[in-house]
Amino acid sequence: MNTAALYKHRWTLIRMPLVLFAIALASAVWWWWNPMPPTRLTISTGLADGAYPLHASRYAEALDRRGIQLDIQLSAGSPQNLERLQAHPATADLALVQGGFGWSSAVGPDVPKEPVQTLANVDIEALWLFSQGAPLTTLEQLGGLRVAAGPEGSGHRNLLRRLLVQDRVPPEDIHWSELSGLPARDALLRHEVDAVFMVAAPRAPGVEALLAAPGVHLATLQGTGAIAERNKYLENRLLPQDAMGSNLPSADTSMLTTPTHLLAREDLHPALKRVVTAVALEVHGQSGPFHRAGEFPSLHASDFPSAPESRRVMLRGLNLFERHLPFWWAQVAERLLLIGLPVLLVTALLLLLVPAWLRWRLEGHVMRWYGELRFIEDDLSSQNLDVGGMELSHIHNRLRRMEAAVATLQLPEELAQHWFTLRQHIEFVRSRILEYRGR
């Protein structure tokens, strides 16, 4: 198809295909390179009477306000939460996991870490050891006792096993009970178990119930500094007197603590990592018995690689769209800006430049014939050239070929004036030849 036909039908043959191609390109980039994130997430928490389900319920409320649904899965504890994240395919998008299951764990090299990232350390969990009678002061005193430390495979029991091995207390010497939380408190009060061990946040229902139970005492372990030095995921912190209520605890108590990690699958959509981190900042910004306001959430001393999106949110907050719009609309606006606007600008530029280039080519065809006429006129008007019959015949043949070519030249209506003007100029030059012949 020649240039004139293309230019004449530029809306149908040029501009409409460009618009359709731009829409197809933007759609492909939108759906394949930067697809919309899902608006439904799953978080794996822990036992029903622990602090993790309470945290998750607050996440669910905050995410619901942003248009994201959060499904809460209970579990046997941190090991199962981590397994759900690392499963193929993963059965959870988020998980709350206590410290000690990542690089700082004694079994760290055996735990796969690549598919999991830390969004934030959101809370402090303490190692609580309760008993009746005189408070326990060492882990060696647990030898031969009935200890409720959660079900087999739970984070409570795994951590206590590690500490017992370090203190040279064979775990086989312990009579384990799978109870935890409120059932463990009831069993302790009924003298069905001798001690209760759990790793939990101070506001966990089971912890509060045991602290308030009559005749139940919180252990005052000795050598907590040395234990924390051996286990980098543990930290020695002070639980002040009355921090949990009147006379709870009855005196300042040195406690071993570990952070609570909010983890996410590494392949979770970056936008979801950002918004979940923002929710964690909203939910966990207050002070607690072991920390000041603003200390958490953080990424300090995390057991897992931190997500780059979380670092950016903690430093600069959410972007403009995600701060002021519901989550889904924020993602649409972001893609319109990052994908739609560049494609729109490039398409608009092409819609202007391609027809202009075709018009320039058409005008170039006409201007080439004007150039040829100029050469002929120069030959005729040259004072140093004696124009004879042979030269005039040659020039006449050139004009005839030019006129035949111009007659077949197809120009759109807006360029037709150039075509008529060109033919008039050819006639003018021919009239000059006739003048030479008449001399």
Quiz item: Asp186 is checked against (1) out of contact with any Leu (no Cβ under 9 Å at 6 or more places or on another chain); (2) open to solvent by 40 Å² or more (accessible area, probe 1.4 Å) and fails just one. What number does that condition carry?
Solution: (1)
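For (1) out of contact with any strand residue (DSSP E or B) (no Cβ under 7 Å at 6 or more places or on another chain); (2) crowded, with 20+ Cβ neighbours inside 10 Å; (3) closer than 17 Å to Leu136 by Cβ, each residue gets a yes or a no:
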{"position": "Asp173", "(1), (2), (3)": "yes, no, yes"}
{"position": "Met198", "(1), (2), (3)": "no, yes, yes"}
{"position": "Gly206", "(1), (2), (3)": "no, yes, no"}
{"position": "His217", "(1), (2), (3)": "no, no, yes"}
Quiz item: Residues in region 14-45 that are without any contact (Cβ under 8 Å) to a residue 60 or more places away in the chain and surrounded by 14 or more Cβ atoms within 10 Å (Cβ to Cβ): how many?
Solution: 4
Quiz item: Just checking, how many residues over region 222-279 are modelled with pLDDT under 90, touching a strand residue (DSSP E or B) at 6+ places or on another chain (Cβ under 7 Å), open to solvent by less than 30 Å² (accessible area, probe 1.4 Å) and not aliphatic (A, V, I, L, M)?
Solution: 4
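This table checks each residue for (1) touching a helix residue (DSSP H, G or I) at 6+ places or on another chain (Cβ under 7 Å); (2) closer than 18 Å to Ile68 by Cα; (3) open to solvent by less than 100 Å² (accessible area, probe 1.4 Å); (4) among the polar types (S, T, N, Q).
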{"position": "Leu315", "(1), (2), (3), (4)": "no, no, no, no"}
{"position": "His324", "(1), (2), (3), (4)": "no, yes, no, no"}
{"position": "Trp328", "(1), (2), (3), (4)": "no, yes, no, no"}
{"position": "Leu337", "(1), (2), (3), (4)": "no, no, yes, no"}
{"position": "Gly340", "(1), (2), (3), (4)": "yes, no, yes, no"}
{"position": "Leu344", "(1), (2), (3), (4)": "no, no, no, no"}
{"position": "Thr347", "(1), (2), (3), (4)": "yes, no, yes, yes"}
{"position": "Leu350", "(1), (2), (3), (4)": "yes, no, yes, no"}
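Quick grid of which residues meet (1) touching an Asp or Glu at 6+ places or on another chain (Cβ under 6 Å); (2) open to solvent by less than 10 Å² (accessible area, probe 1.4 Å); (3) at pLDDT below 90; (4) closer than 17 Å to Thr277 by Cβ:
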position: Leu54; (1), (2), (3), (4): no, no, no, no
position: Ala60; (1), (2), (3), (4): no, no, no, yes
position: Val111; (1), (2), (3), (4): no, no, yes, no
position: Phe130; (1), (2), (3), (4): no, yes, no, no
Practice problem: Within region 280-295, identify whether any single residue is in contact with a strand residue (DSSP E or B) (Cβ under 7 Å, 6 or more places away or on another chain), more than 25 Å from Thr253 (Cβ to Cβ), open to solvent by 30 Å² or more (accessible area, probe 1.4 Å) and in contact (Cβ under 8 Å) with a residue 24 or more places away in the chain, and answer yes or no. | Solution: no
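The values are calculated or read from the model by the stated rules, or taken from the named source; none is laboratory data. Every value quoted in this text rests on a predicted model; they were computed, and no experiment measured them. Positions of Cβ are generated from backbone atoms using ideal geometry, with glycine treated the same way; all protein chains shown enter the neighbour counts. When the accessible area is computed, the model is the full protein with side chains, heavy atoms only, and any ligands, DNA or RNA have been set aside. Shrake-Rupley method; radii C 1.70, N 1.55, O 1.52, S 1.80 Å.
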